[in-house]
Amino acid sequence: MIRDAEGARDELRAALLGVGVVLPTLRLDAASVAGEDPRPLVELGRCAPDVARQLAAVLRRCAMHSTYERNRQGAGSAP
């Protein structure tokens with residue numbers, strides 16, 4: 001379970017790095033991995049306002065691309 005959460009964290013870190021966004025405190029939440037029955041959570045942590053804006057811009061571009069692709073695929077199909 002914890003290894004899976006570490007993998008998810010690492011995938012997210014790599015994907016963000018690929019678009020130029022670094023969340024300096026991206027990590028596993030310590031409290032969620034403690035105890036007998038851990039339920040790991042990935043903590044995105046804190047970032048400076050400019051990094052938050054960078055992340056927002058990337059997400060907006062992805063959303064616009066997804067909308068464009070859905071519209072493009074829908075335009076080619078018959079009613």
For this session: Please give, to one decimal in nm, the separation of the simple spin-label points placed at Arg61 and Ser32, each 7 Å out from Cα toward the Cβ.
Result: 2.7 nm
Exercise. Which listed residue (Ala34, His65, Ala15) has the Cα farthest towards the positive end of the charge dipole for the chain, taking +1 on Lys and Arg C-beta and -1 on Asp and Glu C-beta about the Cα centre?
Worked result: His65
Problem set entry | Tilt relative to the chain, helix 2-18 - C-alpha long axis, 0 to 90 degrees, to 10 | 50 degrees
For this session: Whenever you get a sec, compute what percent of the accessible area on the chain sits on carbon and sulfur atoms (1.4 Å probe).
Result: 58 percent
Seminar exercise, completed: Note: Arg39 to Arg53 extended length (0.36 nm per residue) minus current alpha-carbon separation gives 2.0 nm
Exercise. What's the angle, to the nearest 10 degrees (0 to 90), between helix 49-75's Cα axis and the longest principal axis of the chain?
Worked result: 40 degrees
Seminar exercise, completed: Protection proxy (average C-beta count within 10 Å per residue), highest first, orders 60-66, 17-23 as 17-23, 60-66
Exercise. Excluding ligands, DNA and RNA, what is the solvent-accessible area per residue of the chain at a probe of 1.4 Å, expressed in Å²?
Worked result: 77 Å²
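The values are calculated or read from the model by the stated rules, or taken from the named source; none is laboratory data. The structure presented is a predicted model; accordingly, all values stated were derived computationally and were not measured. Positions of Cβ are backbone-derived with ideal geometry, glycine not excepted, and every protein chain shown enters the neighbour counts. Ligands, DNA and RNA are stripped out before the accessible areas are found, and what is left, the full protein with its side chains, is counted by its heavy atoms. Shrake-Rupley method; radii C 1.70, N 1.55, O 1.52, S 1.80 Å.
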